[in-house]
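Worksheet: one structure, shown below.
The values are calculated or read from the model by the stated rules, or taken from the named source; none is laboratory data. The shown structure was predicted, so the numbers you read here are calculated from the model rather than taken from an experiment. Positions of Cβ are backbone-derived with ideal geometry, glycine not excepted, and every protein chain shown enters the neighbour counts. When the accessible area is computed, the model is the full protein with side chains, heavy atoms only, and any ligands, DNA or RNA have been set aside. Shrake-Rupley method; radii C 1.70, N 1.55, O 1.52, S 1.80 Å.
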Amino acid sequence: MQDVVTKVAVVGSGISGAVCAATLARNGISVTLFDSARGPGGRMSQRREITEDGKELLFDHGAPYFTVTNPDVLSVVAAWESSGLVAEWKINLGSFDCFSNKFVNVEHQERQSKKYVGVPGMNSICKALCHEPGVESKFNVGVRKFEWLENENLWLLTGLDGQNLGHFKGVVASDKNIVSPRFTEITGQSPPLDLSLAPELVKLQKIPVNPCFALMLAFTDPLPMVPAQGFSFTNSKVLSWAFCESSKPGRSSTSERWVLHSTMEYAKDVIAQTGLQKPSRETLSKVGNEMLQEFLGTGLSIPQPFFKKAHRWGSAFPAASIAKEEKCLWDEKKRLAICGDFCVSPNVEGAILSGLAAASKLKGMLRSLF
């Protein structure tokens with residue numbers, strides 16, 4: 001057997017998987033990270049768009065920022081901040097009432113908790129973690145099957161096209177759909193992990209999720225009637241939040257860029273009509289138009305954008321936490337950890353905590369094997 005058996009496989013390069021992989025690598029454990037996407041980040045990914053005239057536009061179309069209260073996470077984020085990976089976003093937040101078409105509250109930054117963003121994009125953090133020494137990252141590589149080899153006491157991972165991805169002493173997965181029927185609904189295939197291998201993962205089968213559409217907009221000039229860089233909507237059936245992307249530290253200010261998030265109810269209605277499969281261009285165009293019309297209808301003298309594109313987050317936002325105390329799901333016998341924001345709390349801080357917990361489980365177990 002090759003030396004690859006000393007490795008741990010981490011599947012998923014969102015913040016939870018990336019934190020776990022980097023933590024293991026810093027503790028001398030060789031890690032191979034797999035992700036079916038083109039690059040790292042998950043819901044912290046950054047979208048790069050090119051306009052018809054060749055202009056580059058960058059959007060954090062998932063998590064707009066994150067806050068931190070846990071001491072363990074604070075120390076991690078402080079290290080990122082000192083290395084320039086994150087910076088504080090000094091943002092004024094507000095709330096806009098769509099009945100009265102007025103801002104009902106604008107809270108200045110000094111009265112808020114510190115808000116962090118990745119620099120120059122939210123995905124910068126995951127990029128750095130996935131390329132730390134000891135982490136071998138393989139993108140555009142999805143895992144089709146997790147197979148436990150009882151006689152060898154090892155995991156075998158198989159790729160989407162049937163290729164052998166290697167044998168591993170431990171596995172970490174940060175995908176809540178790994179044993180879920182939702183995976184079959186989306187792909188038409190059986191989930192990558194057979195629940196009979198780890199019956200305690202049954203909790204993963206019924207995690208409620210909140211879908212959301214994001215709309216990326218770019219304007220030639222700033223929006224002078226908007227007094228906040230981020231604001232929630234009340235009394236809107238379509239929009240829940242709006243954030244000024246170009247006001248974040250380290251971002252280009254050559255255009256005014258905003259990201260709008262839909263309400264959960266609006267997204268659920270669209271999915272009920274179109275299904276969980278990847279939305280068509282027509283669907284995304286219709287959604288984009290409806291979200292933009294709601295934004296234009298606020299009476300804030302918002303001009304037509306020169307760029308508009310919608311994106312669907314189908315099951316990215318968990319609506320429940322399944323391992324608040326343990327912070328990850330753990331099968332000691334098979335050295336299998338499941339981590340993610342769905343374990344602790346549905347935010348970036350919860351995802352970081354879960355990734356740290358999964359790394360801690362693997363570190364302790366693997367040391368006992370040598």
Self-check item: Rg over Rh, two decimals, region 290-353 (C-alpha only, Kirkwood Rh)
Solution: 1.29
Practice problem: Determine the distance separating the Cα centre of region 335-356 from the Cα centre of region 19-33; give it in Å without decimals. | Solution: 16
Quiz item: How much accessible area per residue does region 1-145 have, in Å², with a 1.4 Å probe?
Solution: 45
Exercise. Determine the relative contact order of the chain: mean sequence separation of Cα pairs under 8 Å and six or more apart, normalised by residue count, in whole percent.
Key: 21
Practice problem: Arrange the residues E265, E256 by how much accessible surface each exposes, largest first, with a 1.4 angstrom probe. | Solution: E265, E256
Quiz item: Which of the listed residues, P318, W330, V287, is farthest toward the dipole's positive end in region 179-330, when Lys, Arg count +1 and Asp, Glu count -1 at the beta-carbon?
Solution: V287
Quiz item: In the chain, which Cys residues have no partner Cys with a Cβ closer than 4.7 Å?
Solution: C20, C98, C126, C130, C212, C244, C343
Quiz item: Taking Cα atoms, how many degrees apart are the long axis of helix 264-274 and the longest axis of the chain, rounded to 10 and kept between 0 and 90?
Solution: 70
Quiz item: For region 63-143, which whole-number percentage of the solvent-accessible area (1.4 Å probe, protein heavy atoms only) is attributable to carbon and sulfur atoms?
Solution: 51
Practice problem: Can you tell me the order of 168-174, 292-298 when each peptide is scored by its average per-residue count of other Cβ atoms within 10 angstrom, highest first? | Solution: 168-174, 292-298
Exercise. Could you work out which residue, out of A272, A18, A198, moves most in a Gaussian network model of the chain, that is, has the largest mean-square fluctuation with Cα springs under 10 Å?
Key: A272
Quiz item: How big is the gap, in Å, between the Cα center of region 215-239 and the Cα center of region 252-300?
Solution: 13
Practice problem: Considering only DSSP beta bridges where both residues belong to the chain, give the percentage that are antiparallel (nearest 5). | Solution: 70
Quiz item: How much length is gained on full extension from D269 to T51, taking 0.36 nm per residue of separation minus their Cα-Cα distance?
Solution: 75.5 nm
Quiz item: Over region 214-287, what percent of the accessible surface lies on carbon and sulfur atoms, probe 1.4 Å?
Solution: 54
Quiz prompt | Electrostatic dipole magnitude of region 217-269 [Cβ: Lys, Arg +1; Asp, Glu -1; Cα centre; debye, to 20] | solution = 120
Exercise. Could you give the size of the charge dipole of region 10-112 about its Cα centre, using +1 on the Cβ of each K and R and -1 on the Cβ of each D and E, expressed in debye and rounded to the nearest 20?
Key: 200
Quiz item: Under a point-charge model restricted to the Cβ atoms of Lys and Arg (+1) and Asp and Glu (-1), what is the dipole moment magnitude of the chain relative to its Cα centre, in debye to the nearest 20?
Solution: 200
Quiz item: For the chain, what is the mean residue ellipticity at 222 nm derived from helices alone (per DSSP H run of n ≥ 4: -39500 (n - 2.57); sum divided by total residues; nearest 500 deg cm²/dmol)?
Solution: -7000 deg cm²/dmol
Practice problem: Give the angle, between 0 and 90 degrees and rounded to the nearest 10, that separates the Cα long axis of helix 15-26 from the longest principal axis of the Cα atoms of the chain. | Solution: 40
Quiz item: What is the Cα centroid distance between region 137-185 and region 66-124, reported in whole angstrom?
Solution: 35
Quiz item: Summing Lys, Arg as +1 and Asp, Glu as -1, what charge do residues with Cβ under 13 Å from the Cβ of A320 carry, A320 excluded?
Solution: +3
